[in-house]
Amino acid sequence: MEFYSSQISNLVEQLSRLPGIGSKTAQRLAFFILNMPEDQVAGLAGAMTSAKKNVRYCKQCCTYTDGDICPICANEKRNHRQIMVVENPRDLAAYEKTGKFEGVYHVLHGAISPMAGIGPSDIRLSELMVRLQGDVDEVIVATNKNLEGDTTATYISKLVKPIGIKVSRIASGVPSGGDIEYIDEVTLYKALEGRTDM
Ligand code: ZN
């Protein structure tokens, strides 16, 4: 992008590293930012650096939080004996939006994918197994309904069932291959309600 001065080129290049942002969108965003009031730009940059610096994994469920424990794990009204396993914090948010799930979560930060070289030790499975040493009645596996999500569900089931804890899988109301985060609340609730034992 030699037609832009180096500072603008740099901004465009940084923005184009974000997922889903192609070169054209990056240029549009760069010029949008240049036209923003200076305090708003400082607010945007500050939010990014501050979140990156302070946000970490919840010590219980591994979702992102800025304290030791996330608000859901800290909530005594939730059913801590029921753990829903999801692939990422966006899936957790999708299920929270239904407002129907009273249990707690466990965020894997990925799914097992032999094709991509992602094995069980690359996701937050050992943290889940540690939690299951406490009082837990049921593990609901709500990984995506695709090859990786199903592989992960089967793996979890094989690990958890021998301990004597019930393992269930969300129902097929979730379309095959569909990402949980893009599914509407009613469908998600139905998938949860209709879950089946593994
Ligand atoms: Zn938590």
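Among the residues of segment 129-167, what is the count of those that are of a type in the set (D, E, K, R) and surrounded by 15 or more Cβ atoms within 10 Å (Cβ to Cβ)? Walk me through it before giving the result.
As a first pass, look at segment 129-167 and keep what is of a type in the set (D, E, K, R): 131, 135, 137-138, 145, 148, 150, 158, 161, 166.
Next, only the ones that are surrounded by 15 or more Cβ atoms within 10 Å (Cβ to Cβ) stay: 131, 138, 145, 148, 150.
Qualifying residue count for the region: 5.
Look at segment 95-121 and say how many of its residues are more than 16 Å from the ligand (Cβ to nearest atom) and in contact with a strand residue (DSSP E or B) (Cβ under 9 Å, 6 or more places away or on another chain).
Total meeting the criteria: 4.
State yes or no: is residue 69 within 8 Å of the ligand (Cβ to nearest atom) and aliphatic (A, V, I, L, M)?
yes
Can you spot a residue in segment 55-62 that is farther than 22 Å from residue 122 by Cβ, within 14 Å of the ligand (Cβ to nearest atom) and loosely packed, with under 15 Cβ neighbours inside 10 Å?
First, pick out the residues of segment 55-62 that are farther than 22 Å from residue 122 by Cβ: none.
Looking for residues that are farther than 22 Å from residue 122 by Cβ, within 14 Å of the ligand (Cβ to nearest atom) and loosely packed, with under 15 Cβ neighbours inside 10 Å, one finds none in segment 55-62, hence no.
Does residue 21 fit the bill of being within 16 Å of the ligand (Cβ to nearest atom) and either over 30 Å from residue 169 (Cα atoms) or surrounded by 12 or more Cβ atoms within 10 Å (Cβ to Cβ) (or both)? So that I can check it myself, show each step before the final result.
On the way: within 16 Å of the ligand (Cβ to nearest atom): no; either over 30 Å from residue 169 (Cα atoms) or surrounded by 12 or more Cβ atoms within 10 Å (Cβ to Cβ) (or both): yes.
The answer is no for residue 21.
This table checks each residue for (1) among the hydrophobic types (A, V, I, L, M, F, W, C); (2) touching a residue at least 40 places away in the same chain (Cβ under 8 Å); (3) closer than 30 Å to residue 198 by Cα.
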{"site": "20", "(1), (2), (3)": "no, no, no"}
{"site": "48", "(1), (2), (3)": "yes, no, no"}
{"site": "73", "(1), (2), (3)": "yes, no, yes"}
{"site": "78", "(1), (2), (3)": "no, no, yes"}
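Quickly run through segment 168-189 and pick out the residues that are surrounded by 17 or more Cβ atoms within 10 Å (Cβ to Cβ) and either at pLDDT 95 or above or not in a loop (DSSP other than H, G, I, E, B) (or both).
168, 169, 180, 181, 188, 189
Need a quick list: helices (runs of 4 or more DSSP H) entirely within segment 56-167 having at least 2 residues that are touching a helix residue (DSSP H, G or I) at 6+ places or on another chain (Cβ under 6 Å) and within 18 Å of residue 189 (Cα to Cα).
Helices (runs of 4 or more DSSP H) meeting the threshold: 89-98.
Look through 87, 76, 127 and report the one residue that is away from the ligand (no atom under 15 Å from the Cβ) and acidic (Asp, Glu).
Working: 76 fails: away from the ligand (no atom under 15 Å from the Cβ); 127 fails: away from the ligand (no atom under 15 Å from the Cβ).
Step by step, each of 87, 76, 127 is checked, and only 87 is away from the ligand (no atom under 15 Å from the Cβ) and acidic (Asp, Glu).
The values are calculated or read from the model by the stated rules, or taken from the named source; none is laboratory data. Given the structure is predicted, the values throughout are model-derived calculations rather than measurements. Because the Cβ atoms are built from the backbone with ideal geometry, glycine has one as well, and the counts that use them run over all protein chains shown.
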